[in-house]
Amino acid sequence: MTSFNDLGLCQPLLNALTAGKYTQPTPIQTQAIPPVLAGRDLLGIAQTGTGKTAAFALPILQRLADTRHRPAPKTCRALILSPTRELAAQIADKFRAYGREMGLSVATVFGGVGMNPQIQTLGRGVDILVATPGRLIDHMDRRTLSLAAVETVVLDEADQMLDLGFVHAIRKISAALPKRRQSLFFSATMPQSIGQLAAGFLHDPVRVEVTPAATTVERIEQSVIFVEADRKRALLAEIMADPAMERTLVFTRTKHGADRVARHLGNSKVPAAAIHGNKSQSQRERALADFKAGRIRVLVATDIAARGIDVTGVSHVVNFELPNVPESYVHRIGRTARAGRDGKAISFCAQDERGLLRDIERTTRQRIAATDRRSDAALAAASAVANQNDRQENRSSHDQRSDGPHRQGQRPAGNRHGGHRTDGQRADGHRSDGHRTEGHRTEGAHKPGNGGRPFHKKKPRGQGDNRPGGNRQGGRPQGQARAG
Ligand code: AMP
């Protein structure tokens, strides 16, 4: 079996890997590190959780150290583009950890924080810059950063970049990069739109594909609970009584929903925090730090905010609402079972979400077994209390809900187009000051009083056609191209 020693990495990096208790390279690291060290371009089809950050960070650090020179003011030598702030911060942390004996400078540039400290840092020149596209362009426009000296560029999570409407930003950034450069491109999925973006970005790339979408999914024990929308919060508080749920990430569709769920858990004596685009950077960081340190057991997040959250030891992922796009399901549950660990994913599915569940099962080629957690009568009683609180809360927060860029209402189950955006539309509500405000979806289908039926116990379906290394590209039916 290949070891890190076999990959041609220098001693300072090997020391850092030992300190980080990395004993063995992951498949993407084994395949990507040697060609990237040799200066080749790379097309990596891999999702988060596969060790892809180290797969590009280690060889980039080594190449920068081998050709060490002082970066010119307002330039960077390596540029890593990330779709979200959280992921950018985590990538930068990884560079710092792996490069701790190498003395290279690492900086981040993303929205939600002041420009001036970033301008000062960039003014000195940095070796490694990790940036989100919007804020990077702000700096380019103000001429506080030039990309003319970039030696290596990484486009991470390209599919998310397109989903978030960053395609024009990426094109603008690409045009400002030197022609002679090393380019690395990572995406979890490779639909045609991403393939075209990659083709324009890369020169004669080595293609490395790992198939965690299926393998990760298979390592995770997944279940679905059929429950009406207005009983979900009571159910969540109920299942959190299980001490095995020691570090649980809960996904909601909307920011408002995330806040409500976190509040309900708090009222039920389960310490929780919400993380989403309306929270300040410091609130997000505090919530994440509390979650990592175990001070809170539950982090409630929207998809965009959760992108890139890398917390080891997430015991459970709960899909409080099913995502509109099956790929998001894979991304969400991939937050557990990271780096070879096992994990559990529980999805709450209301009647009107069954179409979404079918889409997910089709994409992952797995049947998700249904479980029943508790008696309906007990749940109904708990729900009555939650709904009472909710009605009071709705009255007071009605105005608040109408803020932010509105997305279309929840699409009818089975129509995947509804959740997608049209070309160029910035779903993250990005403003030119670099602040991100996530889209706000209406929650019509999840309002209290919608249905109120007992939750149904579904017959467990047989383990269908599990497919190791399944074809992620096939997840999206023909003709349903991703926006962008
Ligand atoms: P990534 O896919 O880059 O987000 O990495 C997922 C997680 O795996 C991170 O917490 C990494 O620190 C961890 N990791 C990456 N490579 C290895 C390795 N070779 N051995 C153990 N853990 C790793």
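The values are calculated or read from the model by the stated rules, or taken from the named source; none is laboratory data. Fair warning: this is a prediction, and the values are worked out from it, not measured in the lab. Quick reminder, even Gly has a Cβ in these numbers, built from the backbone with ideal geometry, and neighbours come from all protein chains shown. Accessible surface areas use protein heavy atoms only, side chains included; no ligands, DNA or RNA. Shrake-Rupley method; radii C 1.70, N 1.55, O 1.52, S 1.80 Å.
Restricting the search to helices (runs of 4 or more DSSP H) fully inside region 262-349 and requiring at least 2 residues that are open to solvent by 10 Å² or more (accessible area, probe 1.4 Å), at pLDDT 85 or above and basic (Lys, Arg) gives 281-293. When Asn394, Asn389 are checked against the criterion of being modelled with pLDDT under 80, touching a His at 6+ places or on another chain (Cβ under 8 Å) and closer than 21 Å to Arg233 by Cα, a single residue qualifies: Asn389. Which one of these is touching a His at 6+ places or on another chain (Cβ under 9 Å) and farther than 23 Å from Glu151 by Cβ: Thr30, Thr48, Thr26? When all the criteria are applied, what remains is Thr48.
Only one entry of Arg63, Arg77, Arg68 meets the criterion of being under 17 Å from Thr152 (Cβ atoms), more than 13 Å from the ligand (Cβ to nearest atom) and touching a Pro at 6+ places or on another chain (Cβ under 7 Å), and that entry is Arg77. Filtered by the rule that a residue be closer than 21 Å to Ala176 by Cα and open to solvent by less than 70 Å² (accessible area, probe 1.4 Å), region 65-81 gives Pro71, Ala72, Thr75, Cys76, Arg77, Ala78, Leu79, Ile80, Leu81. In region 45-59, the residues that are closer than 14 Å to Thr30 by Cα and among the basic types (Lys, Arg) never reach a residue that is within 7 Å of the ligand (Cβ to nearest atom) and open to solvent by 10 Å² or more (accessible area, probe 1.4 Å) with C-beta atoms less than 7 angstrom apart, at least six apart or across chains. The residues in region 7-54 that are away from the ligand (no atom under 12 Å from the Cβ), open to solvent by 40 Å² or more (accessible area, probe 1.4 Å) and farther than 16 Å from Tyr98 by Cα can be counted, and the count is 4. Inclusion of Leu61 among residues that are outside any loop (DSSP other than H, G, I, E, B) and outside the structural domain of Lys292 (by TED's automatic domain parsing) is warranted.
Scanning region 302-329 for residues that are closer than 17 Å to Lys344 by Cβ and more than 16 Å from the ligand (Cβ to nearest atom) yields His316, Val318, Asn319, Phe320, Leu322, Tyr329.
The residues listed here are Gly123, Gly112; of these, the one that is assigned to a loop (DSSP other than H, G, I, E, B) and either open to solvent by 10 Å² or more (accessible area, probe 1.4 Å) or in contact with an Asp or Glu (Cβ under 8 Å, 6 or more places away or on another chain) (or both) is Gly112. Elements of the type helices (runs of 4 or more DSSP H) sitting completely within region 128-230 and holding at least 2 residues that are closer than 28 Å to Ala72 by Cα and touching a residue at least 60 places away in the same chain (Cβ under 8 Å): these cover 133-141, 167-176.
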